[in-house]
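Contents: one structure, followed by commentary.
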Amino acid sequence: MNNTTQNKIHIEETVGIFVGQFSDNILHKHYALQISIASQNKFEIIDENSNKSSYSTCFINSNIKHQFKNNETSLIILINPISSIGHQLHNKFKNVQITSLNEDFEQLGEIFTDYLQCNSDFTNLINSINNYFINFKCQCELKNHFKDERICKSIQYLEQNFDRVVSLEEIAGTCFLSKTRFLHLFKEKTSLNFRRYQLWNKLIKSLPYLKTHSITETAHQFGFTDSSHYNRTFKQTFGLSPKFLSSLK
């Protein structure tokens, strides 16, 4: 077992990769699609109705309340649902809330096992996972997934400006829409809430800063009222505390 490198985190625009022990996870929901893989024994997923199910691999759709319970090392992959990878996964599981993954994802488990057996380091794990997901990238990337040129344009604009938080007024202006009309159209065409999408981006960008700064400094740097606001939003989004994630390498 790769004991020296269990607790790790890697975040990029489309995918967040977490390896560690997530024993303090609370009931939560988040914008991202989630894939979870156990290292040895099965982990437990508890839904909002307190139903418990055990999985060795699991897919959780966007905005589905769940609690992840496992005292052993696990792999959790969070995926931006409006990315090309997320779009393909959404098409595959659009009628599903939480489900066990089938043999199509067996290679992901093999990649994780190889890492745990010290046959690869964390950088190789990240590269292997990213290369794996190329197979699930949408085959029609040049087409308008959202059936509306304005929303397609807004998604491209958000991706091009991922390094900053784009205001509602700014993004609505790129589509020549009022703020109210943009929010309605974005929800209608993507099935996602723009404010939650915006919050996800803000939190993702805060993670590298959090590695070298206090929670209070991070909260102020990324526009949160105070550390309590940042803590609360973080837990609601990831189901984990920023203190826990700041300890990952």
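Key figures for this structure:
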read-out	value
Rounded if a/c under 1.5, otherwise prolate or oblate - the stretch 1-88, Cα gyration tensor axes	oblate
Cleavage-rule hits (trypsin sites (Lys or Arg not before Pro)) in the stretch 38-119: DSSP loop, at most 10 neighbouring Cβ within 10 angstrom	K94
Relative contact order (percent, whole number), the chain, Cα cutoff 8 Å, 6+ residue spacing	21
Contour minus Cα-Cα distance for K153 and K92 (0.36 nm per residue)	19.5 nm
Read-out Cα Rg over 2.2 N^0.38 Å, derived from the coordinates shown; its label in [x] 1.28; [y] 1.01; [z] 1.13	[y]
Net +/- balance of residues flanking S206 in space, Cβ distance below 13 Å, scoring K and R +1, D and E -1	+2
Calculated P(r) of the stretch 146-249 - Cα pairs past 25 Å, %	30
Low-density loop cleavage sites - GluC sites (Glu not before Pro) in the stretch 55-133, where at most 16 other Cβ are within 10 Å (DSSP)	E72
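Each reported figure results from applying straightforward, stated rules to the coordinates on display, with no laboratory input. Note that the structure is a prediction, hence the values are computed from the model and not measured. For neighbour counting, all protein chains shown are included, and Cβ atoms are generated from backbone atoms with ideal geometry for every residue, glycine included.
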